Amino acid sequence: MSSYFKTFTAGVEQRNPHQPEFIQAVKEVVEDIIPYIEEHAKELIDQKLLERISEPERVISFRVTWLDDKNRVQVNRGYRVQMNSALGPYKGGLRFSPTVNLSILKFLAFEQIFKNSLTGLPLGGGKGGSDFDPKGKSDNEIMRFCQSFMTELFRHIGSETDVPAGDIGVGEREIGFLFGQYKRLQNNFTGVLTGKGPSWGGSYIRPEATGFGLLYFVERMFYENQNSLKGKVITISGAGNVAYYAAIKALSLGAKVITVSNSNGTIYDENGFTVEKLDYVNSLNRNLAEYTKRYPAEYHEGKKPWGFKCDIALPCATQNELDEQDAKTLIANGCMCIAEGANMPSTAEAIKVILKAKILYAPGKAANAGGVAVSGLEMSQNRIGQQWSTDKVDARLKKIMHDIHDTCVHYGKDSNGVINYLKGANIGGFVKVADAMRAQGVV
Ligand code: GLU
C-alpha cells in the first residue's frame, strides 16, 4: 500500500477514535479508490478530496424525551449525519435500535454516498436514527417517540435539503408518525420523507425494493457468468423486510430458499420456503422457534445460517454478521456467490477470504441500492405530484439495478476478465461524487 494510503488512514483513525465501524467502512472504500486516484486523478490528493469526503458536512445530535405508557419520562439520543450533498439533497434512512451510535451512523452515511451515486439519481448521502429500541413498545409509545424525535429533526430537513427514510426499526408505521408531525410543525405536505404509504404520497414497490433489487442484481451477475438462478439453493439471514422480499423474488426466479433468521436463531427448512411459509414467519413476531410446530423444519437457537450448504448466501440482517470463519465455511461448502442485502454485513477479514476465493461477491452499496433507488423515484413522483404504477416503478428499479451491475463491471473488471464487484462499486460510486465536488469548488 502507498504512503498516501498509510497517512490518510492514520488520519481517519486519529480523527475518529472509538468509531470502528466508520473506520472499517472508510478503509474498505479507499483501498480501491487510492490506487485509482494515484493512477488516474492525482490532483484529488492535493485537493484533499478523500479528507473531505470522509468528514461529514454536518452532524446533528439531539435529546429525544418522551413519556411511556406508564407516564414515566424516557430519554433517548437522536442523530442525523448529513454526510455529503455533492449530488443532491442528503438522502438515507433512519435506524431505531439500541445498537445505534455515531460510529454506526457515520459508517452508514458514508456507504450511502457511494450507494446513492451508483443509482444514477440526484441523491446526496446521509443517515440518522436513535438508540431507541422499538421492540416491545406499544403503538402509542412509538408514536410519542416519533413525534418527539421529529420535533427536533424537522428544522434540519426538507424535501430539497435532506430526505430521511426507513432502515432497521423504522417502517411505514414510523414514517407515518414522523410525517404527520413534520406536516403539523411546518404546515406543509411535501416529500420530506420516503417510504410513505401509497395513499399519502408513497411509491408502489418501495417496501419490496431492497429485496427485489438484490435479486435483480444477483440475477444479472449470474447472467453475466452464463448461469441462472434456476434451482439454486439460497441461504438468507434476517427475517425483516429485506429478507422477506429477497426470498419472495428468489422463489419467483426459480431458486430454493432454505433459511431465514434473526438475532436469536435460524430456521432451516430443507424443503424450501414457500410464500405461505414466509408469511407465517412474518406473523411469528420474532418467535421463530414456533415455525417448527407447523412445518417440518429445524430451528437452531443462537446459530447463524452460514453453516448450511448453499449456492448463494444473502446476508440481509445487519453489519458484521458474516465473519472470516463464516466465509471460510460457506466457500468450503461450495457457495458460489455472496450478495449483501444488509449494509456492510461482511467483516473486513471475511471480505479478504471471499475475494481471495474469487467467488461472486456483491457488496451492499451496490446490491442493496434498490431501496434508496425507489426512494429517489418516490421523490420524483412527489415533485410532480403523480403516482406511477407498480409495473412502471418495478421496471425502473430493475433497470437501475442492472445499470449498477454494469457500472461495477466497467470499473471492476481486470485484464483477465475477472470482475471485482467491490472495487467496481467503490470506484463507480466515487467518480461521480468526486467530479461534482471538484466542480463545486473548495467547500
Ligand atoms: N435504509 C435504506 C438504505 O440503507 C434506504 C434509505 C432510503 O431509502 O433513503 O439504503
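Quick notes
For every residue, the table says whether it meets (1) within 15 Å of the chain's Cα centre (by Cα); (2) surrounded by 24 or more Cβ atoms within 10 Å (Cβ to Cβ).
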site: Gln186; (1), (2): no, no
site: Leu193; (1), (2): no, yes
site: Pro198; (1), (2): no, no
site: Ile205; (1), (2): no, yes
site: Ala209; (1), (2): yes, yes
site: Leu229; (1), (2): no, no
site: Val242; (1), (2): yes, yes
site: Ala247; (1), (2): no, yes
site: Val260; (1), (2): no, yes
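- The criterion of at least 2 residues that are over 26 Å from Tyr216 (Cα atoms) is met, among helices (runs of 4 or more DSSP H) falling completely within the range 240-341, by 291-294, 324-332.
- Tyr182 vs. criteria surrounded by fewer than 22 Cβ atoms within 10 Å (Cβ to Cβ) and aromatic (Phe, Trp, Tyr): no
- Listed by position, the helices (runs of 4 or more DSSP H) inside the range 368-443 whose residues that are over 30 Å from Lys48 (Cα atoms) number at least 2 are 370-384, 390-412.
- Positions within the range 215-239 being touching a residue at least 40 places away in the same chain (Cβ under 8 Å), in a loop (DSSP other than H, G, I, E, B) and more than 15 Å from Leu314 (Cα to Cα), in sequence order: Asn225
- Residue within the range 198-206 that is among the β-branched types (Val, Ile, Thr), part of a helix (DSSP H, G or I) and either within 14 Å of the ligand (Cβ to nearest atom) or touching an Asp or Glu at 6+ places or on another chain (Cβ under 7 Å) (or both) present: no
- Within the range 1-10, the set of residues being under 18 Å from Ile351 (Cα atoms) and in a helix (DSSP H, G or I) is empty.
- Selected residue (criterion: nearest to Ala366 (Cα to Cα)) from residues of the range 412-421 that are surrounded by fewer than 24 Cβ atoms within 10 Å (Cβ to Cβ) and touching a residue at least 60 places away in the same chain (Cβ under 8 Å): Asn420
- Hits in the range 21-57 (condition: among the polar types (S, T, N, Q) and surrounded by fewer than 21 Cβ atoms within 10 Å (Cβ to Cβ)): Gln24, Gln47
- Criterion violated by Val353 - all others in (1) farther than 24 Å from Ile258 by Cβ; (2) more than 11 Å from the ligand (Cβ to nearest atom) satisfied: (1)
- When Ser130, Ser117, Ser103 are screened for being crowded, with 24+ Cβ neighbours inside 10 Å, touching a residue at least 12 places away in the same chain (Cβ under 8 Å), over 15 Å from the mean Cα position of the chain (by Cα) and under 22 Å from Cys316 (Cα atoms), only Ser130 passes.
- Close contacts from the range 337-362, counting a first residue that is over 24 Å from Phe22 (Cβ atoms) and a second that is of a type outside the set (Phe, Trp, Tyr) and part of a loop (DSSP other than H, G, I, E, B), with Cβ to Cβ under 6 Å and a gap of 6+ residues or different chains, come to Ile359/Met336.
- Taken over the range 368-395, residues that are touching a helix residue (DSSP H, G or I) at 6+ places or on another chain (Cβ under 8 Å), more than 11 Å from the ligand (Cβ to nearest atom) and over 17 Å from Gly191 (Cβ atoms) amount to 1.
- Unmet requirement for Ile142, which otherwise passes all of (1) outside any helix (DSSP H, G or I); (2) more than 14 Å from the ligand (Cβ to nearest atom): (1)
- Residue check for Phe212: under 28 Å from Gly124 (Cα atoms), within 16 Å of the ligand (Cβ to nearest atom), touching a Leu at 6+ places or on another chain (Cβ under 9 Å) and without any contact (Cβ under 8 Å) to a residue 24 or more places away in the chain: no
- Any hit, the range 167-176, residues being in contact (Cβ under 8 Å) with a residue 24 or more places away in the chain, touching a Gly at 6+ places or on another chain (Cβ under 8 Å) and more than 16 Å from the ligand (Cβ to nearest atom): no
- Within the range 177-197, if we keep just the residues that are among the small types (Gly, Ala, Ser) and part of a loop (DSSP other than H, G, I, E, B), the residue that is farthest from the ligand (Cβ to nearest atom) turns out to be Gly197.
All of the numbers you see were taken from the coordinates with simple rules; none came from a lab. Because the structure is predicted, anything quoted here is derived from the model rather than measured. As a convention, Cβ positions derive from the backbone with ideal geometry for all residues, glycine included, and neighbour counts pool all protein chains shown.
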